[in-house]
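A.B. asks: One structure is given below, represented as structure tokens, and several questions about it will come after.
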Amino acid sequence: MARPLSKAPHISGREPENAEGISQSAAPPVTTFAPAPRSPGKPARLWKPKHVYVTADAYREEHGRRIVERLDALGIGYEVMKANRLPKLGGSTTAETYRKAKNTLAIVNAPPSALRLTPIPPSADWQFHLAKGCPAHCQYCYLAGSLPGAPVTRAYANLDAILENNASFIDPNRTLTTFEASCYTDPLGIEHLTGSISRAIEWFGGQPEARLRWVTKYDAVDPLLDLEHNGQTRCRISLNAEWVTRRIEAGTADLEARLHAMRRLARAGYRVGAVLAPLMPFENWREGYADMLQRLREALDFEVDLTFELITHRFTPGSKDILLEWYPKTPLDFDEARRSKKRNKFRSHKFVYPKEQMTELKEWFGKEIEARFPEAEVLYFT
Ligand code: SF4
């Protein structure tokens, strides 16, 4: 039986485990479907930033030099700065600044504050960061309003220190401590430039009491397939109905390419996860999401350790303003009149779907997932 959706907004975020720390969701799905995905889909174009800056401190780091070697190999020009300040982007309009920022990669060192990890429920015990920013153009982007300034992608050069720092957050009294690496970036979208998620996967492969979790909308998984992950990483793919992926997630891999990537990761022995987000009741949403779930079932037609995370669309007043400046023609529904206000402990609020709509979405997805993936684990619905 698929585990039911939690009654509270989420259940635990922790990987389910038995006394040996082995995931209980490893049993094969009961239902099987013969065909593999029809085609590999349309891959995302590998990002080639127009402007790359390497700060002086970042250039001194071993990983900073590794990134520079990758840039050289890809024929991407860069400027090594004399200090650690990045130049101003200088766009004359918001749209121009946005365009410039989305074409800019900065190689910097993460500040010391980044080494003081914070919890990230329900996804994991701790969040750590390989980078901040992302080259894609999702019109609901989670980073809008949570990262200050123009959306430049900053990749961290002091990666070795970042990974070693994680060791001090592994709880020796618990079988497993989980770490989330994609709160502020899509690590696979910049992997060809940084190699950072590969190194993180290998680092966690040597940590039997820790598990890495990360999520992507990209599909270039080749470099990950032969890594020594030792089952310590759960690779999650963000999925949505075609209506959303085609209209609202520019710059990412299409749905079929993501499914194909997920299949390949699972074949390489990774634990995998489907992050269904952001869920939204567009016209004919049931048909759209049923199609997505069915294609996922067909892509994973073998024994696989699979989890689901379900996140509905939400926005804050601040993120709405930024997103409407970036994407003035978006088809996303930002009408507060059709939403409920949800307050948080910081006395701010976000707009979520009203209770009846949330209940309908939760019940529908619970039933449809149960029907197709009886052995999978639904970690939370929010
Ligand atoms: S992939 Fe994630 S971080 Fe990147 S633009 Fe889309 S929502 Fe934002």
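The values are calculated or read from the model by the stated rules, or taken from the named source; none is laboratory data. Predicted model, so just to flag it, every value in this text is computed and none were measured. Every residue, glycine among them, receives a Cβ derived from its backbone with ideal geometry; neighbour counts consider all protein chains shown.
Residue-wise test of (1) surrounded by fewer than 24 Cβ atoms within 10 Å (Cβ to Cβ); (2) away from the ligand (no atom under 13 Å from the Cβ); (3) part of a helix (DSSP H, G or I).
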site	(1), (2), (3)
Cys235	no, yes, no
Arg258	no, no, yes
Met262	no, yes, yes
Ala266	yes, yes, yes
Gly269	yes, yes, no
Ala274	no, yes, no
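A.B. asks: Give, as residue ranges, the helices (runs of 4 or more DSSP H) completely inside the range 137-224 that count at least 2 residues that are within 16 Å of the ligand (Cβ to nearest atom) and touching a Lys or Arg at 6+ places or on another chain (Cβ under 8 Å).
C.D. replies: Once the helices (runs of 4 or more DSSP H) in the range 137-224 are filtered for at least 2 residues that are within 16 Å of the ligand (Cβ to nearest atom) and touching a Lys or Arg at 6+ places or on another chain (Cβ under 8 Å), what remains is 191-194.
A.B. asks: Also: For Ala167, state whether it is more than 18 Å from Gly251 (Cα to Cα), over 13 Å from the mean Cα position of the chain (by Cα), buried (at least 20 other Cβ atoms within 10 Å of the Cβ) and modelled with pLDDT of 95 or more.
C.D. replies: No.
A.B. asks: Could you please let me know if Leu361 is in contact with a strand residue (DSSP E or B) (Cβ under 9 Å, 6 or more places away or on another chain), buried (at least 18 other Cβ atoms within 10 Å of the Cβ), of a type in the set (A, V, I, L, M, F, W, C) and part of a loop (DSSP other than H, G, I, E, B)?
C.D. replies: Here the answer is no, as Leu361 does not meet what is asked.
A.B. asks: Does the range 295-303 contain at least one residue that is over 24 Å from Ala136 (Cβ atoms), away from the ligand (no atom under 16 Å from the Cβ), modelled with pLDDT of 95 or more and assigned to a helix (DSSP H, G or I)?
C.D. replies: Looking for residues that are over 24 Å from Ala136 (Cβ atoms), away from the ligand (no atom under 16 Å from the Cβ), modelled with pLDDT of 95 or more and assigned to a helix (DSSP H, G or I), one finds at least one in the range 295-303, hence yes.
A.B. asks: What tally of residues in the range 49-63 results from selecting those that are surrounded by 15 or more Cβ atoms within 10 Å (Cβ to Cβ) and either closer than 26 Å to Arg99 by Cβ or modelled with pLDDT under 95 (or both)?
C.D. replies: The number of residues fulfilling the criteria is 7.
A.B. asks: I would also like to ask the following. Considering only the range 121-136, state which residues are within 21 Å of Phe315 (Cα to Cα), away from the ligand (no atom under 12 Å from the Cβ) and surrounded by fewer than 23 Cβ atoms within 10 Å (Cβ to Cβ).
C.D. replies: Pro121, Pro122 - these are the residues of the range 121-136 that are within 21 Å of Phe315 (Cα to Cα), away from the ligand (no atom under 12 Å from the Cβ) and surrounded by fewer than 23 Cβ atoms within 10 Å (Cβ to Cβ).
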